[in-house]
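Laboratory data are not the source of any read-out in this text; all were calculated from the coordinates shown. Values in this document were obtained by computation on a predicted structure and should not be read as measured data. Cβ atoms come from the backbone with ideal geometry, glycine included; neighbour counts cover every protein chain shown.
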């Protein structure tokens, strides 16, 4: 069977990325641990991403409620808006949209940062000096992405639900307590647990792909730009693939029934 050049490149890169991810798990479990750099990356990756993800979440909740309201009034079920918006945000919209914003900001940042270090031979200099660049650069950034994205998603869900509350009050007066009581009455544990668990995988995908693209950059500044762009595109596609897998698993396990 004849395999096209593009197929060979895709399979080769997939294999290299798999080995790169396996090396991450090996290096992560072995001492010496770069706690200080890990904490710094948590601040850079998590805290500094909060304004963008929070603003996006607020607008998302507000717009979703405003778009739903006319249709719900038409069918006479406007009282279900808090429940519907709550389920949609917690189960799917919140985690996926926040992860995509995260991929656009952090994936490109990691890819460009490591790419510039690669083309200026800083990574090679770290290896010569006896430092483990993989553990210092890749493990800390990927672990920080994996742990901070779930935190960002939880905060973004809360902000988005508040935006939904304000959007609902544009049309009809609803107290804060009543609105959120309806939201939480409609949610079950099976809505929350899979939504949180999958964000760990989203964060891992964004971190490891961004590091992989940057770590193996070549061809100077052109390669740095291509690495940053490729990191965002591949991370976004991987988020949708992982989300599809999680939805299929939860459906097979009948968690929502």
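A few remarks follow.
- Cβ-Cβ distance of residue 229 and residue 59, R₀ of 30 Å, FRET efficiency by 1/(1 + (r/R0)^6): the value works out to about 0.75.
- Ordered by the count of other Cβ atoms within 10 Å of each Cβ, fewest first, 63, 153 give 63, 153.
- Which of 149, 252 has the fewest Cβ neighbours within 10 Å, and the rest in rising order: 252, 149
- Residue among 62, 97, 187 with the largest mean-square fluctuation in a Gaussian network model of the chain, springs linking Cα atoms under 10 Å: 187
- Counting every alpha-carbon pair across segment 125-257, the share separated by more than 18 Å comes to 68%.
- Here semi-axes √(5λ) of the Cα gyration tensor in Å was calculated from the structure, and among [x] 39, 19, 17; [y] 67, 20, 14; [z] 29, 22, 17 it sits at label [x].
- Highest mobility in the GNM of the chain, judged by mean-square fluctuation with C-alpha springs under 10 Å and restricted to 126, 117, 60, is found for 126.
- Distance distribution P(r), segment 63-184, all Cα-Cα pairs, bin width 10 angstrom from 0: 12, 32, 20, 15, 12, 8, 2, 0 percent.
- Viscosity 1.567 mPa s, temperature 4 °C, Stokes-Einstein D of segment 190-244 from Kirkwood C-alpha radius, µm²/s: 108
- Nitroxide proxy distance, nm - points 7 Å out along Cα→Cβ at residue 50 and residue 83: 3.4
- Our summary gives the chain a relative contact order of 32 percent, counting only alpha carbon pairs under 8 angstrom and 6 or more residues apart.
- Helical contribution to [θ] at 222 nm, DSSP H n ≥ 4, -39,500 (n - 2.57), averaged over the chain, rounded to 500: -26500 deg cm²/dmol
- Inter-label distance for residue 19 and residue 245, nm, one decimal - labels placed 7 Å from Cα along Cα-to-Cβ: 2.1
- Taking other Cβ atoms within 10 Å as a rough exposure proxy, 161, 166 sort from fewest to most as 166, 161.
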